[in-house]
Structures are given as structure tokens and as C-alpha cells.
């Protein structure tokens, strides 16, 4: 577990490190390690799911495994895009990465509350996982609050930051060069902090599912 804590605290550390050019190389190395271990996490969840599908309860936890994989894959995507954004010296590439990162974050925040909501909780209630629901609700509320607090900025990005959403090229350039970039850095940092909590919760859930499968 200590290794996993190190992994998922890495993005938060990166937010601090990348403010100082001398630490960029170290930040990049930490990110590469984080992405590698996140890939391992995805493989691990897939392995649990495949083993679960061979048991008599093969379809009991489909909602959980779908959600776990979605979160891991999205966290990896955001990590890659963020590091591409902070490490490139090419202004055009930075502009592109910031827009792609913005859209990925928006889609994640629009999807996550539904994925952590009613269907997943019903699955938990029906399959001896009720004890995890309060913590799940708490994490879901944090994501909802993050979206609410940044709703205005996210709407601007969604309507203007993607090349196919706006026909005003000057607005597109100005937007990606100014205010929203700092806001996206802040939102990214907060996503990673909440994701740490979600990741540790899911590790405990998977242990319980493995136990239930062996009964």
C-alpha cells in the first residue's frame, strides 16, 4: 500500500515541481513512473475482472469493474496530457495539449458523478458491499463540488477551447494563452487529490470482491 500511496501522490507533487524549470526533468521522470504504474493498475483490475467472470458470481460486479477501469484510464490520460503540456517548449504544442487536457477533464467531470452514483450503489447494496457506500458518496460529492466551483470556467473552455466548437480563431488562441490555463492546472491538481482517495477505496473493494469470489 505504501508504494501505491507514493504513486498516486506523484501528480500532486508535480503541480509544485513544474513551477520551477530546474525541476522539470525530475517532474517528467516522476510522471513517467506514475503512468507506468497506472498502466499496471489497469492490468491488475482487468485481471481481477477476468478471474471474477469465471466464478458463479460472474456478472455481479460489472458496474464496479467498468467504473474502476474508466477512472484508471482517464487518470492516465490526464497525466500524459498534463506532462506533455508542461514539458513542451513549443508554443503551438502547448496550445494543443492544453485544449486536449481541458476537454478530457470536462468529459471526466461530466461522467464521474453518474458512474459513482445510483447504479454502483445499488450493486454494492445487493452484493455485501454496503460498508463502502458512505466513502463512495463522500468522494462523489467532492467531484461534484469541484465541477460546481469551476462551472463557469469549464463552460467557457467547452464552448471555445476545442477547434471544432468555435469558428473564432482569435478567440481560440487568446483563450488557450490566458486565464483558463492556470485554472486547468488548479483543476487538474484537485482531480488527482480526489483520485488518490478513490483509488485507495477501490483497492479495498477489490480485496472484498476477491474474498467473496472465494467463498
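The values are calculated or read from the model by the stated rules, or taken from the named source; none is laboratory data. All of these numbers come straight from a predicted model, not from anything done at the bench. Note that each Cβ is placed from the backbone with ideal geometry, even for glycine, and that neighbours are counted across all protein chains shown.
For beta carbons closer than 7 Å, sequence separation of 6+ or different chains, a first residue in region 138-149 that is within 13 Å of residue 106 (Cα to Cα) and a second that is loosely packed, with under 15 Cβ neighbours inside 10 Å, the qualifying pairs are 143/113; 144/113. Within region 47-66, the residues that satisfy the criterion of being assigned to a helix (DSSP H, G or I), at pLDDT 90 or above and over 22 Å from residue 37 (Cβ atoms) are 62, 63.
Applying the set (1) in contact (Cβ under 8 Å) with a residue 12 or more places away in the chain; (2) closer than 24 Å to residue 35 by Cβ; (3) more than 14 Å from the chain's Cα centre (by Cα); (4) surrounded by fewer than 17 Cβ atoms within 10 Å (Cβ to Cβ) to residue 69 leaves exactly one unmet item: (3). Per this entry, residue 10 is not counted among residues that are at pLDDT 75 or above, in contact with a helix residue (DSSP H, G or I) (Cβ under 6 Å, 6 or more places away or on another chain) and crowded, with 17+ Cβ neighbours inside 10 Å.
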